[in-house]
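Undergrad: Below is the structure I would like to discuss, written out as structure tokens.
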Amino acid sequence: MYAGIDLGSRSVKVALLNDKGSLTLNKFDTVSFYRKHGRLEEGQLVVDLSAIGLGDVNLKAVVSTGYGRQTINLKGAKNIPEIKAHAAGAVYLTGLEDFTLLDLGGQDSKVAKVVKGRMIDFETNDRCAASTGRYLENMAAVLDISMDELSRYYENPVDLNSTCAIFGETELIGKVVEGHPVSHLAAGVNYTIFKRIKPMLIKLASSKVVFTGGVAGNQALRKIIEQELNVEVIVPEHPQYAGAVGCAVTAMKGRCK
């Protein structure tokens, strides 16, 4: 069995891959994961594998990635960059070899060009929350609607121009005061996400976009991308696990060499 662990900013995802290609997926709240299952030893994170259901698993190799990879080394695991893990996971989950990868998580956004199953170029934005899941959560809270409802609206978007997540809330409140319908305001929020990632998608353009990460469940954003860029947007099953799956695949390939 091969394990991939994605140390995300909001959740820790674990993917187990057996020799037959069968996947088992698990998710944990990040803070709870570190508090309950981890401890630091000489700057490395030691995880109680039995506590997260891996105690009886015959692990041949472990590869990790994610937001926490920058500050924490997982003992006994090989660490790889997030974008590499997500690209490998997208290839495995979709069976595609030529596409543009779009990964939107809780804290950052990433776009990569994949050709013949290999990443050849990428762009990332981890300096601003305005194109991430956290931004959408904040905007949904301002509108007093659920994330699910927010993700339905893409028509007649209200124009929102602020490039800062914090100032964006203030601008949105101003639009609410002006009396715009919630559906138009929500569409404006979704379109704002598109405007943030559009330059990266154009620079690394393909006819197919594989959308991964927690924000991939936003149906409105998928439709906006398809309509504005005339591309096919593909969301694999369990898109939020793409990084963990990519790590597990990397672990298997490294072991089989």
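Undergrad: For n ≥ 4 DSSP H runs only, could you compute -39500 (n - 2.57) per run for the chain, divide by its residues and tell me the 222 nm figure to the nearest 500?
TA: -11500 deg cm²/dmol
Undergrad: Next up: With a cut-off of 8 Å between alpha carbons and a minimum separation of six or more residues, what is the relative contact order of the chain in percent?
TA: Contact order relative to length: 25 percent.
Undergrad: To test your reading of the geometry: what angle, between 0 and 90 degrees and rounded to tens, separates the Cα axis of helix 165-177 from the longest principal axis of the chain?
TA: Taking Cα atoms only, the helix is inclined about 40 degrees.
Undergrad: Hey, if you put +1 on the Cβ of every Lys and Arg and -1 on every Asp and Glu Cβ in the stretch 77-220, which of S207, P181, L143 ends up farthest toward the positive end of that dipole?
TA: S207
Undergrad: What percent of all Cα-Cα pairs in the stretch 97-214 falls into each 5 Å bin, going from 0 up to the bin containing the maximum distance?
TA: 2, 12, 21, 22, 17, 12, 8, 4, 1, 0, 0
Undergrad: For the chain, set up a GNM with springs between Cα atoms under 10 Å and report which of R134, R35, R118 has the largest fluctuation.
TA: Sorting by GNM fluctuation, first place goes to R35.
Undergrad: Run the quick spin-label model on Q227 and S207: label points 7 Å from Cα toward the beta carbon, then report their separation in nm to one decimal.
TA: Roughly 2.3 nm, to one decimal.
Undergrad: Non-local amide H neighbours of L74 (under 5 Å, H modeled in plane, Pro and chain starts lacking H): which ones?
TA: L45
Undergrad: Report the calculated FRET efficiency for T170 and R118 (r = Cβ-Cβ distance, R0 = 30 Å), to the nearest 0.05.
TA: That pair, T170 with R118, gives E of 0.10.
Undergrad: R0 = 25 Å: FRET efficiency of V46 with T24, Cβ-based, nearest 0.05?
TA: Between V46 and T24 the formula returns 0.65.
Undergrad: Next question, about the same structure. Based on alpha-carbon atoms only, what is the radius of gyration of the chain relative to the globular estimate 2.2 N^0.38 Å?
TA: That ratio works out to 1.04.
Undergrad: As an exercise, use a Förster radius of 41 Å and the Cβ-Cβ distance of K60 and D148 to find the FRET efficiency, rounded to the nearest 0.05.
TA: That gives a FRET efficiency of 0.55.
Coordinate-derived values only; no laboratory data. Small disclaimer: the values here were computed from a predicted structure and weren't measured. FYI the Cβ positions are ideal-geometry reconstructions off the backbone, even for glycines, and counts take in every protein chain you see.
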